[in-house]
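*Asks:* Below you'll find the structure I mean.
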Amino acid sequence: MERSFIMIKPDGVQRGLVGDIISRFETKGFTLVGLKQMSVSRDLAEAHYAVHKERPFFKGLVDYIISAPVVSMVWEGDGVIASARKLIGATNPVEAEPGTIRGDYGITIGRNLIHGSDAPETAKSEIELWFDEGSLCSWEPTMKPWLYE
Ligand code: DAT
Ligand code: MG
């Protein structure tokens, strides 16, 4: 079963949106297999966003991610990587559709509330970066036959 790394950024936590955001993934039907609130070290934030390290916004992005606690999660389900990106919405909240997390709650790209892995390879590397091997909890929801044909 596919897994994606999802992180509620400091603004999502500070604004009291943790419950709402988790609820959107739950009610969609995805399965939560990893969850922790944590302060992020500069090293971890820089590693997570290493692909952007030459970009002008990199330092501001890292400063933002380490400025207050985040909620890190792993969600599981068929197509969860692409589906989570749709639930999250476009990177710039101004372009994100209403009904998406960024579209409903965000105003600027530098405070866009949430991260979601963008492809199977990045999901795998991000889950390995953020969660210790063995700390994830595999379980079979009893409602699975009502979610999957
Ligand atoms: P996403 O988070 O949708 O995967 P991304 O990987 O392109 O987007 O960029 C990572 C984060 O960096 C993004 O959530 C917000 C920030 N960012 C991206 N482009 C930016 C820009 N032009 N100015 C400021 N921040 C930016
Ligand atoms: Mg990205």
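*Asks:* Before we move on, is VAL94 under 12 Å from the mean Cα position of the chain (by Cα) and away from ligand 2 (no atom under 15 Å from the Cβ)? Talk me through it step by step, then tell me what you get.
*Replies:* Working: under 12 Å from the mean Cα position of the chain (by Cα): no; away from ligand 2 (no atom under 15 Å from the Cβ): yes.
Spelling it out, it is not the case that VAL94 is under 12 Å from the mean Cα position of the chain (by Cα) and away from ligand 2 (no atom under 15 Å from the Cβ).
*Asks:* Name the single residue that is surrounded by the most Cβ atoms within 10 Å (Cβ to Cβ) among those in segment 15-31 being in contact (Cβ under 8 Å) with a residue 60 or more places away in the chain and of a type in the set (A, V, I, L, M, F, W, C).
*Replies:* In this case the residue turns out to be PHE25.
*Asks:* Which condition breaks for LEU129 when tested against (1) open to solvent by 60 Å² or more (accessible area, probe 1.4 Å); (2) part of a loop (DSSP other than H, G, I, E, B)?
*Replies:* (2)
*Asks:* Just checking, does segment 43-50 include any residue being assigned to a helix (DSSP H, G or I), of a type in the set (A, V, I, L, M, F, W, C), touching a strand residue (DSSP E or B) at 6+ places or on another chain (Cβ under 6 Å) and in contact (Cβ under 8 Å) with a residue 60 or more places away in the chain?
*Replies:* no
*Asks:* Determine, yes or no, whether LYS124 is of a type outside the set (Asp, Glu), at pLDDT 95 or above, more than 20 Å from ILE21 (Cβ to Cβ) and open to solvent by 100 Å² or more (accessible area, probe 1.4 Å). Before the answer, list the steps.
*Replies:* Numbers: of a type outside the set (Asp, Glu): yes; at pLDDT 95 or above: yes; more than 20 Å from ILE21 (Cβ to Cβ): yes; open to solvent by 100 Å² or more (accessible area, probe 1.4 Å): yes.
Spelling it out, LYS124 is indeed of a type outside the set (Asp, Glu), at pLDDT 95 or above, more than 20 Å from ILE21 (Cβ to Cβ) and open to solvent by 100 Å² or more (accessible area, probe 1.4 Å).
*Asks:* Cβ contacts < 6 Å: first residue at negative phi, restricted to segment 90-119; second residue part of a loop (DSSP other than H, G, I, E, B) and among the β-branched types (Val, Ile, Thr), any location; separation 6+ or different chain. Result?
*Replies:* Final answer for the pair search is PRO93/ILE107.
*Asks:* Do you know which residues across segment 119-149 are within 15 Å of ligand 1 (Cβ to nearest atom) and more than 22 Å from ASP43 (Cβ to Cβ)?
*Replies:* ALA119, PRO120 - these are the residues of segment 119-149 that are within 15 Å of ligand 1 (Cβ to nearest atom) and more than 22 Å from ASP43 (Cβ to Cβ).
*Asks:* Only one of GLY60, GLY12, GLY34 is open to solvent by less than 20 Å² (accessible area, probe 1.4 Å), in contact with a helix residue (DSSP H, G or I) (Cβ under 7 Å, 6 or more places away or on another chain) and among the small types (Gly, Ala, Ser). Can you tell me which?
*Replies:* Residue meeting the stated conditions: GLY12.
*Asks:* Identify all residues within segment 125-149 that are closer than 21 Å to ALA82 by Cβ and without any contact (Cβ under 8 Å) to a residue 12 or more places away in the chain; write none if there are none.
*Replies:* SER125, GLU128, LYS144, GLU149, listed by residue number.
*Asks:* A further question on this structure: Can you pull out the residues in segment 101-124 that are away from ligand 2 (no atom under 15 Å from the Cβ) and among the β-branched types (Val, Ile, Thr)?
*Replies:* Across segment 101-124, the qualifying residues are ILE107, THR108.
*Asks:* Name the single residue that is least open to solvent (accessible area, probe 1.4 Å) among those in segment 63-102 being closer than 28 Å to PRO145 by Cβ and in a loop (DSSP other than H, G, I, E, B).
*Replies:* That would be GLY77.
*Asks:* Out of all the residues in segment 103-113, which are open to solvent by 20 Å² or more (accessible area, probe 1.4 Å), within 12 Å of ligand 1 (Cβ to nearest atom) and outside any helix (DSSP H, G or I)?
*Replies:* Answer for segment 103-113, where residues must be open to solvent by 20 Å² or more (accessible area, probe 1.4 Å), within 12 Å of ligand 1 (Cβ to nearest atom) and outside any helix (DSSP H, G or I): just THR108.
*Asks:* Checking GLY116 against (1) open to solvent by 40 Å² or more (accessible area, probe 1.4 Å); (2) within 11 Å of ligand 1 (Cβ to nearest atom), which single condition isn't satisfied?
*Replies:* Just one mismatch for GLY116, condition (1).
The values are calculated or read from the model by the stated rules, or taken from the named source; none is laboratory data. Keep in mind that this is a model prediction, so the values were computed, not measured. Heads up, the Cβs are rebuilt from the backbone with ideal geometry, glycines too, and the neighbour counts pull from every protein chain shown. Just the protein is used for accessible areas: all its heavy atoms, side chains included, with ligands, DNA and RNA removed. Shrake-Rupley method; radii C 1.70, N 1.55, O 1.52, S 1.80 Å.
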